[in-house]
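Contents: one structure, followed by commentary.
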Amino acid sequence: MPGQLTVHAEAVSFFMKIISKMLLLGLAAGAFCLTSCETVENRISEHPDMFNTLSPRDQALVRQGQIRSGMSMNAVWLAWGSADQKTVGEMRGHPTETWIYVHYATGYGYGYGYPYGYPYGPGFGFGGVGVIRTHHHGRSFVFFGDPFYDPFYYSYIPPSIPYPYKTVTFSNGRVVSFQYLAGYR
């Protein structure tokens, strides 16, 4: 018996070390994510040389997180940060680059707020529909299912829907057009 207790104590000690290391790693990752948030102030303080090359007008706009036509790519990056997507194209015979900034909205599954199966009654995942089919080899099977089954209805993770909320287009390294959804300026 004393040998079994020693083995048990060693196993518990081993798992406690593993758990404490995993917890420490998780806390470190969380702290990194929280401290690495990208803000206008962070970008300016990390790249003062880039910010100091801007005109006083552009510096004031960048501090407010705003841009204007004719602004440089560096100024837009300082004001708006890194784009989620970039595309290339052509406008009036000149090559262009468009930066797209994306937000995510949480959507609710259709049927949200209604009892399952509304207006057809409760489904509870099993319906009374049976399908009998005979194969050409003489075998048959029966399938029972719910015709109103929706796999997203009881989803615990609501869908995340991406949508572009800001875009800026450059030609020759300068802003030629930009747009944003009202309320996100």
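For the reader, a short list of remarks on this structure follows.
- Complete set of residues in segment 55-85 that are crowded, with 18+ Cβ neighbours inside 10 Å and assigned to a loop (DSSP other than H, G, I, E, B): Ile67, Met71, Ala83
- Of the numbered criteria (1) more than 25 Å from the chain's Cα centre (by Cα); (2) within 13 Å of Val168 (Cα to Cα), the one Val102 fails is (1).
Coordinate-derived values only; no laboratory data. Every value quoted in this text rests on a predicted model; they were computed, and no experiment measured them. We place every Cβ from the backbone using ideal geometry, glycine too, and count neighbours over all the protein chains shown.
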